[in-house]
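A short worksheet on the structure shown next.
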Amino acid sequence: MGRDRFAKQSLGYLYPRIKQSRTLMVGAGGIGCELLKNLVLTGFGEIHIVDLDTIDLSNLNRQFLFRQEHIKKSKALVAKESAAKFNPHIKLEAHHANIKDPQFNIEWFQSFGLVFNALDNLDARRHVNKMCLAANVALIESGTTGFNGQVQPIIKGKTECYDCSTKEVPKSFPVCTIRSTPSQPIHCIVWAKSYLFTEMFGTSEDETPEFDHSEDSENAKEIENLRQESQALNSIRQSMGSDDFARKVFDKVFKDDINRLRSMEDMWKTRKQPNALDFDRISKGASGTKPYVAQQDQKAWTVAETFTVFCDSLRRLSARLQTSQAQSGADTAAPVLIFDKDDEDTLDFVAASANLRSIIFGIESKSKFDIKQMAGNIIPAIATTNAMTASLCVMQAFKVMRGDINKAKMVFLERSAARVINSDTLKPPNPNCNVCGVMSSALIVDPNRATLNDLVEDVLKTQLGYGDEFSINNEVGTLYDPDLDDNLSKKFSDLGVKADSFLTIIDDDEESPRVNLSLTILEKSLPGDTKAVQLPGKLDIARKPKDVPAPTSNGDTNGHVKAESIGLKRKRSLDEHENGVQQDHKRGKIQMPSKAMGSQVDDLVIEDDSNDGAIVIDD
């Protein structure tokens, strides 16, 4: 019996198409591992995997294609190697690279029949969405957040794209809140990770993205005081390795700085005053506590245990940094330590420091495990959610490949809802969307001759009939508008406009503006007697519809939805039955998944839920 017998019986005429398909999967993490397994076992003929990340110890509990021996290796390459064992009759190609690299251009995207997004990075997801629209390739977008998941088929011109609804921007904290008036555990964790740790072992807190250092008339004095505190802490850093180093650091941040805050009486008229800690008193009470208490990561430590972990982790980190400094050459940059959620030394220091500060301000202490989730900018990933989401991706892909767009659905996973799996019909494109609610075209450019003025005069004004009120924009910002004409004489290459980049033309005509025009740059040497900038064909650009609502926020990017948002019915109350009230069961507005995936890199993404006070951390 052939391995594809049941697939043929289940999929019928679709199976040969699947077997001959060329598919792209972006992301080989939690969803990606499950999704690749599904694609391989289903029999998708050729699959390309793109992922820039490497395998970490924390991945192994749910990303089942990876093993201990794979740590620090490329996710894409190892996923290819592991998944190939499931089905030797398919072709797998792995790319250990950033999907935004120039090699993955529009022509490359056009070579695929279907694209799957398995990313947790907001910027990368937007890029893939934009490239698929430009290449006119169907995209299956997906994301998870804990027990919540989401799958969204995106087809150009027929459904909403990923950017049809605005996504929430990663939140930064005013530096005065973090450094002077914390009120939540996350404030203390950000302080420990992005201020104290970096001042002691890394770079200055002025460079950390979680802090908003903007000044105004009310906080300028406090900002200056905080800068002086940083300078004083930097001088203490010079005594690293001495016997009294731990005391100096402790007294500075948990006693002296707190007493300074207490002296600012106006600050505490409506807040509870913090209470400074005494090194000698706590040290005496912690005399019998051993450092191995740090291994107890599921419970909140006592004050004595927290103090012991603080001193011991400070000692360990100091020794590491001094060793690195001794081994570095005179002509190299000064070595620093970087926080890593999987580095026990750095995590112990941040957890202990955050909890000591929480004690000072009367805030609930957190376990080391909880702090790891928050400081590491991650939501606890659930393997079951990833597996279900990946399965739903393939189910929706079948409908797209059959051409049954009307049967394709936006699908949500919701643990707290009446049903675990819920769906909603796909919405048409939002006319006001800046990504898909536009006219798209290629723009042929001779890189040796083309200037911005050639585009303005020869194409936009002469050929397309634009007036004077319009602007030209790219990813960096505005290149031209009526008040900014300094760039007209510059070549495209001088402006950073290269092959496969995008230009957006926004018509600002007050009476009847055109929809935005998105131009994809195609570089080509053109004969000297022809225009240096050309359109490949005739364009008929539609006018913007009037009174169309702008895109609205749809919540999280990674599948965090609320039950009432997805059309679930609630029971009528007794009063409603008695009064004859008719329930309206129209579907509510869908809250689409959102992340973070900022930055990303190491930026903290936080959503405050006004209903239950929960904090969602996204990475």
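Numbers below:
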item: Which numbered condition ALA387 fails, given (1) at pLDDT 95 or above; (2) hydrophobic (A, V, I, L, M, F, W, C); (3) more than 21 Å from the chain's Cα centre (by Cα); result: (3)
item: Filter result for LEU517 (touching a residue at least 24 places away in the same chain (Cβ under 8 Å) and not small (Gly, Ala, Ser)); result: yes
item: Counted residues, the stretch 316-354 - those being of a type in the set (D, E, K, R) and either farther than 29 Å from ILE55 by Cα or in contact with a strand residue (DSSP E or B) (Cβ under 7 Å, 6 or more places away or on another chain) (or both); result: 1
item: Every residue from the stretch 281-291 that is farther than 13 Å from PHE349 by Cα and touching a helix residue (DSSP H, G or I) at 6+ places or on another chain (Cβ under 9 Å); result: ILE282, SER283, GLY285, ALA286, SER287, GLY288, THR289, LYS290
item: Test for SER518: is it open to solvent by less than 30 Å² (accessible area, probe 1.4 Å), in contact with a Ser or Thr (Cβ under 7 Å, 6 or more places away or on another chain), in a strand (DSSP E or B) and modelled with pLDDT under 90; result: yes
item: Breaking point among (1) open to solvent by 10 Å² or more (accessible area, probe 1.4 Å); (2) at pLDDT below 85, for PRO185; result: (2)
item: Meets criteria (more than 17 Å from the chain's Cα centre (by Cα) and closer than 23 Å to PRO428 by Cα) for ALA135; result: yes
item: Unique residue being within 19 Å of ILE371 (Cα to Cα), buried (at least 16 other Cβ atoms within 10 Å of the Cβ) and at pLDDT 90 or above when the list is LEU321, LEU317; result: LEU317
item: Test for LYS372: is it over 24 Å from the mean Cα position of the chain (by Cα) and either of a type in the set (Lys, Arg) or open to solvent by 40 Å² or more (accessible area, probe 1.4 Å) (or both); result: no
item: Those residues of the stretch 398-454 which are among the acidic types (Asp, Glu) and either closer than 27 Å to GLY143 by Cα or open to solvent by less than 30 Å² (accessible area, probe 1.4 Å) (or both), in sequence order; result: ASP404, GLU414, ASP424, ASP446
item: Residues satisfying the stated conditions in the stretch 502-522, i.e. under 21 Å from VAL128 (Cα atoms) and touching an Asp or Glu at 6+ places or on another chain (Cβ under 9 Å); result: PHE502, ASN516, LEU517, THR520, ILE521, LEU522
item: Index of the failed condition, ILE338 passing every other in (1) hydrophobic (A, V, I, L, M, F, W, C); (2) part of a helix (DSSP H, G or I); (3) surrounded by fewer than 20 Cβ atoms within 10 Å (Cβ to Cβ); result: (2)
item: Check on VAL400, touching a residue at least 60 places away in the same chain (Cβ under 8 Å) and β-branched (Val, Ile, Thr); result: yes
item: Of the criteria (1) more than 18 Å from CYS188 (Cβ to Cβ); (2) out of contact with any helix residue (DSSP H, G or I) (no Cβ under 7 Å at 6 or more places or on another chain); (3) part of a helix (DSSP H, G or I), which one ASP251 fails; result: (2)
item: Out of ASP257, ASP280, sole residue that is loosely packed, with under 13 Cβ neighbours inside 10 Å and either in contact (Cβ under 8 Å) with a residue 60 or more places away in the chain or not hydrophobic (A, V, I, L, M, F, W, C) (or both); result: ASP280
item: Subset of the stretch 142-157 [open to solvent by less than 10 Å² (accessible area, probe 1.4 Å) and under 17 Å from ASN406 (Cα atoms)]; result: VAL151, GLN152, PRO153, ILE154
item: Which listed residue is touching a residue at least 24 places away in the same chain (Cβ under 8 Å) and assigned to a loop (DSSP other than H, G, I, E, B), from GLY329, GLY362, GLY288; result: GLY362
item: Residue, nearest to MET439 (Cα to Cα), within the stretch 164-179, restricted to residues that are crowded, with 20+ Cβ neighbours inside 10 Å and modelled with pLDDT of 75 or more; result: CYS164
item: Condition check for THR306: among the polar types (S, T, N, Q), open to solvent by less than 70 Å² (accessible area, probe 1.4 Å) and either at pLDDT 90 or above or outside any helix (DSSP H, G or I) (or both); result: yes
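Residues checked against (1) under 19 Å from the mean Cα position of the chain (by Cα); (2) assigned to a strand (DSSP E or B); (3) in the same structural domain as LEU52 (by TED's automatic domain parsing):
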{"residue": "PRO88", "(1), (2), (3)": "no, no, yes"}
{"residue": "LEU92", "(1), (2), (3)": "no, yes, yes"}
{"residue": "ILE99", "(1), (2), (3)": "yes, no, yes"}
{"residue": "PRO102", "(1), (2), (3)": "no, no, yes"}
{"residue": "PHE116", "(1), (2), (3)": "yes, yes, yes"}
{"residue": "ASP120", "(1), (2), (3)": "yes, no, yes"}
{"residue": "ARG125", "(1), (2), (3)": "yes, no, yes"}
{"residue": "LEU139", "(1), (2), (3)": "yes, yes, yes"}
{"residue": "GLY143", "(1), (2), (3)": "yes, yes, yes"}
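A quick yes/no check of all residues on (1) modelled with pLDDT of 95 or more; (2) among the basic types (Lys, Arg):
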| residue | (1), (2) |
| --- | --- |
| ASN105 | no, no |
| LEU114 | yes, no |
| ASP120 | no, no |
| ARG126 | no, yes |
| MET131 | no, no |
| ASN136 | no, no |
| GLY143 | no, no |
| GLY146 | no, no |
| PRO153 | yes, no |
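The values are calculated or read from the model by the stated rules, or taken from the named source; none is laboratory data. Because the structure is predicted, anything quoted here is derived from the model rather than measured. Cβ atoms come from the backbone with ideal geometry, glycine included; neighbour counts cover every protein chain shown. Only protein heavy atoms, including side chains, enter the accessible area calculation; ligands, DNA and RNA are left aside. Shrake-Rupley method; radii C 1.70, N 1.55, O 1.52, S 1.80 Å.
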